[in-house]
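None of the figures in this text is laboratory data; all of them are computed from the coordinates on show. All values derive from a computational prediction rather than experimental measurement. Cβ sites come from the backbone with ideal geometry, for glycine too, and all protein chains shown count toward neighbours.
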Amino acid sequence: MRQLALFGLDSKYNVASPARSSFSHESVCRENARLALEKKYENIFYIDNRFNRKIVSYQANKGEIVHGWIKYREGFSAHLVEILMNEFGVKSGESVLDPFAGSSTVLLVAKTKCLNAVGIELLPVCHLAWDAKSRFYDYDLDELSEIKDLVENIIPEATKSRFPHLKITETAFTDETENDLMFFTEWVEKLSVSEESKILLRLILTSILEEISYTRKDGQYLRWDYRSQKIIDRNEIRKKQGKKLIKRVDKGKLPTVKDAIVSAISVVLSDIRALQQFQFNESSQELIKGNTLFVLPELEADQFSAVITSPPYCNRYDYTRTYALELAYLDVGNGIFDLRQSLLSCTVENRPKMDVLREHYAKLGKEKECEKILDIVTNNPAFVEIIKALKIRWDRGDMNNKGVLRMVEQYFMELSFVYSELFRTCKTGAHVAFVNDNVRYGGEIIPVDLLSTNLAEQLGFEPVYVYVLPQRKGNSSQQMGKFGREALRKSITIWKKP
Ligand SMILES: C[S@@+](CC[C@H](N)C(=O)[O-])C[C@H]1O[C@@H](n2cnc3c(N)ncnc32)[C@H](O)[C@@H]1O
């Protein structure tokens with residue numbers, strides 16, 4: 001068995017090995033290549049009790065200083081980042097990268113540990129989160145306390161300013177809430193306070209949108225309260241058509257905009273007060289606002305000592321729909337469609353980006369690298385097997401959306417570009433950690449963790465561990481209904497640049 005000396009781990013499995021012995025429901029499709037991966041990497045599987053669902057998700061960030069300023073449910077916890085940074089032995093002066101930075105958990109932990117860090121992220125709501133959170137040391141507590149007093153004593157007036165709705169956000173607020181929200185939005189912009197305080201107030205206003213609205217972010221979907229006009233209208237139509245009414249969601253009494261702002265400022269004030277007591281040594285963190293597929297190839301080589309990240313999962317989750325309210329408020333407008341297309345392919349609507357990516361690599365004089373990456377991924381036996389299996393499943397009528405095929409194909413092709421660029425931009429000896437979930441479509445299990453590890457190995461990395469969470473992941477109700485329950489791995493893959 002492989003020596004597990006690196007991180008001082010002393011036990012391998014406390015339950016059965018997480019390796020799978022089948023991938024294709026009722027053995028409809030070939031699974032040899034996937035089985036070969038399980039065998040190849042069996043020795044680096046590690047079920048680790050330090051990593052549970054809570055710490056690999058945002059849950060453990062709730063109530064955490066700074067990290068809780070805006071709920072980014074797709075985030076991982078600061079605690080997980082700390083564990084990995086410690087294991088990788090990242091030292092002051094060294095730099096960590098997160099190519100899918102989200103709410104900037106990695107950047108913020110780096111800041112408190114005085115490490116340098118670079119993040120890359122597409123969504124404007126995450127940009128605002130970083131702009132506000134990263135300034136925790138610069139805020140003037142007296143000014144913020146005065147603003148809080150002002151808000152407490154203000155009575156919102158009628159305003160002509162309108163919420164910049166998108167089709168999918170219409171009727172998210174009561175008229176009164178929408179008026180008050182826009183009143184405070186204008187009020188903040190006119191306040192004569194520092195630019196820092198304004199940025200913070202913009203984040204606060206963005207962070208309360210869900211709680212003051214008729215919407216709730218719930219797993220894959222944005223759910224709507226039964227009182228919203230959208231649901232009333234839809235149900236009316238369904239009733240006429242004799243269809244079952246939409247499941248009732250009742251958010252109960254919603255807070256007023258003013259109360260929500262006051263409560264958010266109180267939390268933020270107390271966090272800032274606590275943080276400003278610490279003296280942090282000089283370090284630098286930067287969030288690059290852009291598409292990681294296009295930004296990474298432009299970064300200098302051999303600069304990062306570690307990468308800690310979690311890409312969008314290959315699970316049809318659409319960030320631009322879940323965060324539609326926040327994106328609309330930040331005036332993204334029709335730009336939301338471009339944003340959706342720019343995200344790593346993880347929805348059935350994503351169109352292939354390979355042509356534009358090819359052009360980008362050509363512009364950088366990197367045509368050969370581009371073709372090499374494409375060659376590796378498109379000839380990878382497990383990748384080929386999975387794509388063939390999904391085609392068979394589609395032809396058999398085992399899948400309800402053909403877009404899944406393109407999504408899975410593009411997902412691994414795009415990720416291969418990321419893996420290759422990480423290899424190039426990492427220093428020798430650097431460690432890379434990817435948090436991801438395995439998925440299942442049409443009765444075919446896709447071992448995202450091992451296929452990624454295999455692609456990363458082909459692109460130069462040395463596979464080190466596949467940490468598997470003790471709790472497995474369930475399946476979508478559709479997969480369960482048709483193909484039975486199969487527990488899927490949720491893993492953190494660790495690779496090293498030799
Ligand atoms: C699983 S989340 C990461 C969350 C992060 N670890 C945190 O703690 O908040 C994945 C992130 O990748 C971003 N993303 C997806 N495609 C991207 C792309 N092509 N370029 C940059 N960011 C992208 C999404 O907007 C999302 O915030």
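A few remarks follow.
- Computed about its Cα centre, the charge dipole of the chain is approximately 2480 debye, with only Lys, Arg, Asp and Glu carrying charge at their Cβ.
- Mean separation of Cα contacts under 8 Å, 6 or more apart, over the residue count of the chain: relative contact order %: 19
- Area projected by the alpha carbon convex hull of segment 261-321, averaged over all directions, nm²: 8.0
- Considering only V432, I168, T309, the residue lying farthest towards the positive end of the dipole of the chain is I168, judged by Cα position with unit charges set on Cβ.
- DSSP beta bridges in the chain [antiparallel fraction, %, rounded to 5]: 55
- Basic side chains Lys and Arg get +1 at the Cβ, acidic Asp and Glu get -1 at the Cβ, and with that the dipole of segment 317-386 about its Cα centre reaches some 120 debye.
- GluC sites (Glu not before Pro) restricted to DSSP loop in segment 294-326 with at most 13 other C-beta within 10 Å: E300
- Shape analysis of segment 356-456 yields a ratio of the Cα radius of gyration to the Kirkwood radius, Rg/Rh, of 1.02.
- Counting charges near L107 (Lys, Arg +1; Asp, Glu -1) among other residues having Cβ under 10 Å from its Cβ returns a value of -1.
- With kT/(6 pi eta Rh) evaluated at 4 °C and eta = 1.567 mPa s, and Rh the Kirkwood radius from Cα pairs, segment 127-187 diffuses with a coefficient of 93 µm²/s according to Stokes-Einstein.
- Set of lysines near K496 by C-alpha distance (under 18 Å), chain-local residues within fewer than 8 positions excluded: K40, K91, K427
- Beyond 32 Å in Cα-Cα separation lie the following of the pairs K113/K366; K113/K148; K289/K497: K113/K366.
- In the chain, a dipole from Cβ-located charges (positive for Lys and Arg, negative for Asp and Glu) runs towards its positive end, and of L469, L150, F280 it is L469 whose Cα lies farthest in that direction.
- P(r) tail fraction, segment 113-224 - alpha-carbon pairs more than 18 Å apart, %: 60
- Protection proxy ranking, peptides 191-197, 318-324, 99-105, average beta carbon neighbours within 10 Å, highest first: 99-105, 318-324, 191-197
- Cross-link reach is defined here as a Cα-Cα straight distance under 24 Å, omitting same-chain residues fewer than 8 places apart; for K239 the lysines meeting it are K167, K230, K247, K251.
- Nearest-20 debye value, segment 137-215 charge dipole, Cβ charges on Lys, Arg, Asp, Glu: 420
- Histogrammed with a bin width of 20 Å, the alpha carbon distances of the chain distribute as 21, 54, 24, 1 percent, first bin at zero.
- Positive-end residue of L123, L37, S270, charge dipole of the chain with Cβ unit charges: L37
- In summary, segment 389-446 shows an alpha-carbon radius of gyration equal to 1.49 times the 2.2 N^0.38 Å reference for compact globular proteins.
- In Å, descending, principal axis extents of the Cα set of segment 219-274: 57, 24, 14
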